[in-house]
Amino acid sequence: MRWAAAMLLLVSACSASGGESTTSAPLAGAGAALEGQASAESLTALLAEPLHTHRHPEIDAALQALAGADAVDSAASGTVARAEAPAAPRTAPDAAAPPADERAPAGAADAADTGTAPLLLAVDVPAFAPVPADVDGETLMDDRAELERFVLAHGPTATVVALKEVELATGRDCHDTAHEVGHIAWEHFGAAAFATVGHDCHAGALHGTIELMFAQRGTARLAQDVSAVCAGPNPFLVHQCLHGVGHGLMAWTSYELPEALGLCDLLPTAQNRDSCYGGVYMENGIGGVSGRMGHTTEYISTTDPHFPCNVLAEQYWPGCYFWQSSNLFYFGWSTDAVMEVCGEAAWNSTQACYMSTGRDLGSIHRDDPAVAAADCRLAATEERIAWCFQGAALSRFTEPANAPFSAQLCTLADRADGEFVADSCWEMLLRDAPHIFPDEPGLREFCDTIDIARRRQACHGKADA
């Protein structure tokens, strides 16, 4: 159950016969991705030392200003407040943080002082051998050693394509395995991995690459690294890349949720921060439970359905509840019970919780939109059903191969749930369709598959815009 897609790169990996040759491929330029500019110098100075090994006094001060003093304990205790009262509301980073000259000594932003070299933006992309016709994609999903061998021989892009074929044929979600592809790609290719990871499996390989990059590289150059990796003109793909940043920050802070959220808070706009939060919460519930990065989380409860949302500051509640249903389903809660929890959610988080539930139902019932629709109707009120349909439709609407599910789901709403629910469902699809199908012929082909004439015409209107 994963969101994903991928950033745009100027080039992709070349498919060629095996050998040592490489192709030069500049990554997308820094600064194009973020809606506004964070101060690279201030972020570099602030994040010059890892939070999970020893903390910088300026980091404590900034995080306390951002998330409230109760969210950050002293370095001496090595713990973070978990069950105490919610932290005080965050002040915007540029208003809360002290001037740059009070944060760190002069020159702290330089690579020599941080000990971290700039992320190279022009890299050599390896050439890989063609993929044989008899690929056993299920073995790649089940055997990590075989997965690594395949990545090194045929490249990350070809690997996620093979994994995606398994998902389409069997219904097995390939996103988690694609995360491993990203780990392998960063381990072996470094920054070149970003030009080779491919877009399939909800961009799991991109998320995994970013995840391991931060786990190994740290955040001494957070602003520059994020700008370099997440550059691109497509806002949907930028969002997904920043979501991957959240995964990486959570892993790097050893699954200390408040610290990872505090790092997201240093991104320059609310939209950037929200995208990052999503990756943090998702990694908390998946990687934090599995221990795949060598640590487990203390921010999951099998008995309190509102934890950790109910111990975070108010501005974090919607983002937290937008992933909370995934934790509940993982621990065996029924759809009815999850819907009840959403009805109890914090005042500003009800919609997020029902959309989260819809997202998970869309993934669980990926082969049968009618079952997903029936489960969404358990939400009872028209407004809550609409939110659930929105989440279910968007759960699959992240790459062209999954788009038919979403169109079928919204068509079911047209036929059985009334105009309000149906309009809400289609609104989400038509909003994102130009990003999922960035070329006009692909978008028109998708539009032509829509049964209901007025919906089909509205979709073609997006292609004409």
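The values are calculated or read from the model by the stated rules, or taken from the named source; none is laboratory data. These figures come from a predicted structure and were not determined experimentally. Cβ sites come from the backbone with ideal geometry, for glycine too, and all protein chains shown count toward neighbours. SASA here: full protein model, heavy atoms, side chains in, ligands and nucleic acids out. Shrake-Rupley method; radii C 1.70, N 1.55, O 1.52, S 1.80 Å.
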#### Entry: Scan of the range 386-419 for residues that are in a helix (DSSP H, G or I), open to solvent by less than 20 Å² (accessible area, probe 1.4 Å) and not small (Gly, Ala, Ser), ordered by number
Cys388, Phe389, Gln390, Leu394, Arg396, Asn402, Phe405, Leu409, Cys410, Thr411
## Note on the structure
Residue set Leu140, Leu152, Leu163; condition open to solvent by 20 Å² or more (accessible area, probe 1.4 Å) and either in a helix (DSSP H, G or I) or within 19 Å of Ile210 (Cβ to Cβ) (or both); output residue Leu152
### Message
Take the conditions open to solvent by 10 Å² or more (accessible area, probe 1.4 Å), closer than 24 Å to Glu146 by Cβ and in a helix (DSSP H, G or I) and apply them to Glu211. Does it pass?
### Response
no
### Selection count, the range 227-280, where residues are in a helix (DSSP H, G or I) and more than 23 Å from Phe437 (Cα to Cα)
26
### Query
helices (runs of 4 or more DSSP H) wholly in the range 281-361 with at least 3 residues that are of a type outside the set (Phe, Trp, Tyr) and open to solvent by 10 Å² or more (accessible area, probe 1.4 Å) - which ones?
317-330, 335-343
### Residue in the range 362-385 that is surrounded by the most Cβ atoms within 10 Å (Cβ to Cβ), counting only those that are acidic (Asp, Glu) and without any contact (Cβ under 8 Å) to a residue 60 or more places away in the chain
Asp375
### Leading residue by the ranking (modelled with the lowest pLDDT) among those in the range 420-457 that are open to solvent by 60 Å² or more (accessible area, probe 1.4 Å) and part of a loop (DSSP other than H, G, I, E, B)
Pro438
### Query
Failed condition for Leu249, given (1) farther than 20 Å from Thr297 by Cα; (2) buried (at least 24 other Cβ atoms within 10 Å of the Cβ), with all others met?
(1)
### Query
Which condition does Trp186 not pass, out of (1) open to solvent by less than 10 Å² (accessible area, probe 1.4 Å); (2) in contact with a Ser or Thr (Cβ under 6 Å, 6 or more places away or on another chain), if it passes all the others?
(1)
### Task
Scan Ala203, Ala195, Ala251 and give me the residue that is aliphatic (A, V, I, L, M) and either at pLDDT 85 or above or over 15 Å from the mean Cα position of the chain (by Cα) (or both).
Ala195
### Task
Please go through the range 419-465 and pick out each residue that is under 15 Å from Pro400 (Cβ atoms) and among the β-branched types (Val, Ile, Thr).
Ile436, Thr449, Ile450
### Task
Select from the range 363-388 the residues that are within 25 Å of the chain's Cα centre (by Cα) and within 20 Å of Pro318 (Cα to Cα) and list them in ascending order.
Cys376, Arg384, Ile385, Ala386, Trp387, Cys388
